Amino acid sequence: MDNQKQNSSLVDNRFPWKHFVGYLLSVVLTLMALWITFSSGFSLSIIFAIIIVLAILQAVLQLLMFMHITERNSKIQTGTMLYAAFIAITIVAGSIWVMSAGHAAH
Amino acid sequence: MKWDQFFITDEPLIVGAGISILLTGLGIIFVLTYLKKWKWLWNEWLTTVDHKKIGIMYILFAILMLFRGGVDALMMRTQLAVPNAHFLDAQHYNEIFTTHGTIMILFMAMPFLIGLINVVIPLQIGARDVAYPYLNAVSFWTFFFGACLFNISFVIGGSPSAGWTSYMPLAGNELSPGPGQNYYLLGLQISGIGTLLTGINFLVTILKMRAKGMTLLRMPMFTWSTLITCVIIIFAFPILTVALALMTFDRLFGSHFFTLASGGMDMLWANLFWLWGHPEVYIVILPAFGMFSEIISTFSRKTLFGYKAMVYSMLVIAGLSFVVWVHHFFTMGSGAAVNSFFSITTMAIGIPTGVKIFNWLFTMYKGKISVTTPMLWSLGFIVNFVIGGVTGVMLAMGAADYQYHNTYFLISHFHYVLIAGTVFGCFAGLHFWYPKMVGYKLNERIGKWCFWIFTIGFNICFFPMYILGLDGMPRRIYTYNASDGWTELNIVATIGAFMMGIGFILLVYNVYYSFRYAKREQTGDAWDGRTLEWSTTSAIPPHYNFAKIPEVTGLDGFWRSKQEKETENVEYKPIHMPSYSGRPFVMSAFLFISGFGLVFEWWAIAILGAIGTLICMVLRSFDYDDGYYVNVEEIQKTESVYKEV
Ligand code: HEM
Ligand SMILES: [Cu+2]
């Protein structure tokens, strides 16, 4: 297909360092979270704080390394990012609100 | 685990079903061997990456699942026809409503729609295949094997019985011991991969592979609805994936995300389930909306009324469908603020839905309407779906929902939207695009009989349930007493259910009848259509779809070019096509093995399957097959055959 041909001419044969490093760092961040939770001995609230920071770090890392977030130019790209942010906030903030309000909290 | 726990042997109905499955299986193997069709099956179907064939396999599987889910339904209706019946016991009844719900939504509605999307969308946007044909095969086979894993539960090990919603703590190890619930978790997990990949694949296909001149606002409405469905799939299915994984951890590895003990939150499961679940109901309705739009416009011989309003209302639905989920558990008691908020968002989502209904009506207004079978299903949809929508808005009022919730009123609501919306849509789409798939139409006379029997049966079955619900009959009960006063309406409902069964048989008979007797189509334009899928030179498009990619100058592209009637002599160029591959099939089979191992907590098998899957993925990474070219002579030969006819 014409589209495909165009794409394959764009493919370069260099080693995909970006993906490789991104993957390794993601694994490391995950293992750190596991270690901190199971064996660090910190108090619960500190553990929470640390793993939340680690999670956000990993999200940013993946957006940078895998998700082409630095490529701007298209309207679709911005739209998708905004929509994704909307959904993420809905899921997290919405769940916290729903689960902690009224009788549901007890 | 003993053998008699592995194969269910104490329930005559299940043993009967098991034996008949075995016999059918042996029969199929015998026929394939006898006709020497194994190679054909492998080369033409199991390894295919052609979107049209993948679509047909999806649809066949969906019809099979409609049969299984339908038999479940008739068994439930038989049990409930009279008070204190002993056809099914409580546990068996629970298993049946669980598998019925899960199968109908995930393994019937989804593949039916995805199948039609597969067949139609690339043709409708003037493409030769989807963006990632190999991935498309992976989608189908992971979906297929996930669904098979779920389906074997009732003969091997026992079915899940905690409802299609699988609320905790009921679905936990204490209250649902044994492999049943694990089947639910792993079956859905594996098939969910397929759905997510389909979402990604068609999003890219629609955004990147449209024919020249087809701007976003010139896309046919079915393409638009598929695009928006894909967006919802991509954002909703990961929630299900995570929720299923967490529950799997709870059940298999002793974690406490949703358990009552050790600080788990049981209702967090319900919360996550519906965060996916409500968008899911829109995933299964939007493509149907798109198909109705195409059909109504074609058979009114008019451009769709309010094209932009349709698009915007779907965009609004895509946003709102993610902020209404709590309406499924108002009764959890999150307080007045939460319930009011979600009542209002839920009622708001009725508005764009209503806008679309009016658009269809105005499309027909002053149109030259021809009432064909696909059109009949669409008209039936408009009437019946409105009943479902109106009762939906009744349920949306948080305070009132305390009365309706978990009664037959709710059952009736969602059947009025799912059957009159999704199922009617699938039937309409099947009749409409059937000539595109097999080269001849389904018989119109049988089709109309089927429509009337099914639709009348549907209303006889489900309308009384609104009243039963208001009379206080709860859902998910396996029997009731004569003194409850529900007997008469239940008998009526059961009669309606069997009428729907007859309707289904007529549909299947129609497939056979038309195969034998229908007139074969001579052109690609069976219904005097408006969009590009009807512009192919032959009734069944060649594997490369278009010898020359069409150009589009406006909405209803094919209709316009028919008006202009220019026939130029085309010069063919070689066409690049993807190669077939058996790896998606093999990889998904390994996933099945792995899932089966996890269901029974047989770790060695689970790990073996996982390794097999990984090997397939590694092999794929080193696969340098870039496809092949169909050369000009071959194209000329194929095309000239059609020209002569
Ligand atoms: C006008 C739009 C709609 C509104 C306002 C609406 C509202 C609701 C509400 C409030 C409930 C929960 C009631 C309860 O549990 O007590 C519900 C349940 C349900 N709705 Fe809708 N709905 C709408 C359209 C749809 C559509 C289009 C579908 C699917 C095609 C659908 C499928 C379902 C299903 C499957 C359930 C029940 C799930 C279960 O508990 O097992 N609804 N609806
Ligand atoms: Cu809902």
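The values are calculated or read from the model by the stated rules, or taken from the named source; none is laboratory data. Keep in mind that this is a model prediction, so the values were computed, not measured. Note that each Cβ is placed from the backbone with ideal geometry, even for glycine, and that neighbours are counted across all protein chains shown. Quick note on the areas: whole protein, heavy atoms, side chains included, nothing else; ligands and nucleic acids left out. Shrake-Rupley method; radii C 1.70, N 1.55, O 1.52, S 1.80 Å.
For segment B:154-171, the Karplus equation 6.51 cos²θ - 1.76 cosθ + 1.60, evaluated at θ = phi - 60°, returns couplings of 6, 9, 10, x, x, 7, x, 9, 9, x, 5, 7, 6, 4, 8, x, 4, 7 Hz by residue, with Gly and Pro reported as x. Every helix of 4 or more DSSP H residues in the protein assembly as shown counts as -39500 (n - 2.57), and over all residues that averages to -22500 deg cm²/dmol at 222 nm. Phi-derived couplings, Karplus 6.51 cos²θ - 1.76 cosθ + 1.60 at θ = phi - 60°, listed residue by residue for segment B:313-329: 5, 6, 4, 4, 4, 4, x, 5, 4, 8, 10, 10, 4, 5, 4, 7, 9 Hz, with x used for Gly and Pro. For B:THR407, the residues whose amide H sits under 5 Å from its own are B:ARG475, ignoring neighbours fewer than 5 places away on the same chain, with H placed 1.01 Å from N.
Which net charge results for the neighbourhood of B:TYR572, defined as the other residues with beta-carbon distances under 10 angstrom from its beta-carbon, given Lys and Arg at +1 and Asp and Glu at -1? Each step should come with its number before you reach the end.
Numbers: positive: B:LYS548, B:LYS573; negative: B:GLU571, B:GLU633, B:GLU634, B:GLU639.
Cβ neighbours under 10 Å give a net charge of -2.
Going through the cross-link list A:LYS75/B:LYS52; B:LYS52/B:LYS302; B:LYS52/B:LYS212, which pairs have a Cα-Cα distance over 24 Å in this structure? Correct reply: A:LYS75/B:LYS52; B:LYS52/B:LYS302. Measuring nothing but protein heavy atoms, the accessible surface of the protein assembly as shown at 1.4 Å probe radius is 70 percent carbon and sulfur. Of the trypsin sites (Lys or Arg not before Pro) found in segment B:224-320, those in coil by DSSP whose Cβ has at most 15 other Cβ atoms within 10 Å are B:ARG301. Compute the acute angle (0 to 90°) between the alpha-carbon long axis of helix B:424-438 and the principal axis of greatest extent of the alpha-carbon atoms of chain B; round to the nearest 10°. Roughly 40 degrees between the two axes. Whose amide H sits under 5 Å from the amide H of B:TYR440, counting only residues 5 or more places off or on another chain, with H placed in the peptide plane? Residues meeting the amide H criterion: B:GLU521. Seen against the Cα atoms of chain B and their longest principal axis, helix B:444-470 is set at about 30 degrees.
The spacing between segment B:486-533 and segment B:433-485, judged by their C-alpha centroids, is 13 Å. Distance from the C-alpha centroid of segment B:188-244 to that of segment B:341-408: 24 Å, rounded to the whole angstrom. Each Lys or Arg adds one and each Asp or Glu subtracts one; over the other residues with Cβ under 11 Å from the Cβ of B:LEU506, this totals +2.
Under 5 Å from the amide H of B:THR259 lie the amide H atoms of B:GLY264, B:MET265, each residue being 5 or more positions distant or on a separate chain, with H modelled from the backbone and absent for Pro and chain starts.
Interface residues of segment B:229-245, defined as those with an accessible-area decrease of at least 50 Å² between the chain by itself and the complete set of protein chains (probe 1.4 Å), are B:PHE235.
Per residue, segment B:23-70 exposes an accessible area of 57 Å² to a 1.4 Å probe, with every protein chain left in place.
Exposure check, 1.4 Å probe, all protein chains in place: B:GLU564 carries approximately 110 Å² of accessible surface.
Only alpha carbons enter this Debye calculation for chain B, each as an equal point scatterer, and the log10 of I(q)/I(0) it gives at q = 0.08, 0.11 Å⁻¹ is -0.59, -1.17. Counting only alpha carbon atoms, the long axis of helix B:373-396 and the longest principal axis of chain B meet at about 40°.
Could you compute how much accessible area chains A and B hide from each other, both sides summed, with a 1.4 Å probe? Nearest 100 Å² is fine. Before the final figure, lay out each step's value.
Numbers: alone 9210 and 27110 Å², together 34170 Å².
Interface between A and B: roughly 2200 Å².
Whole-Hz ³J(HN,Hα) for each residue in segment A:54-60, computed from phi via Karplus 6.51 cos²θ - 1.76 cosθ + 1.60 with θ = phi - 60°, x for glycine and proline: what do you get? Per residue, the Karplus-derived 3J(HN,Hα) values read 4, 5, 5, 3, 5, 4, 4 Hz. Once you've got the Cα coordinates, tell me which of B:LYS368/B:LYS519; B:LYS39/B:LYS573; B:LYS53/B:LYS436; B:LYS308/B:LYS548 are over 22 Å apart. As for pairs spanning more than 22 Å Cα to Cα, those are B:LYS368/B:LYS519; B:LYS39/B:LYS573; B:LYS308/B:LYS548. Please state the shape class of segment A:44-98: rounded when a/c is under 1.5, otherwise prolate if a/b exceeds b/c and oblate if not, all from the C-alpha gyration tensor. It is oblate, given that a/c is not under 1.5 and a/b is not larger than b/c.
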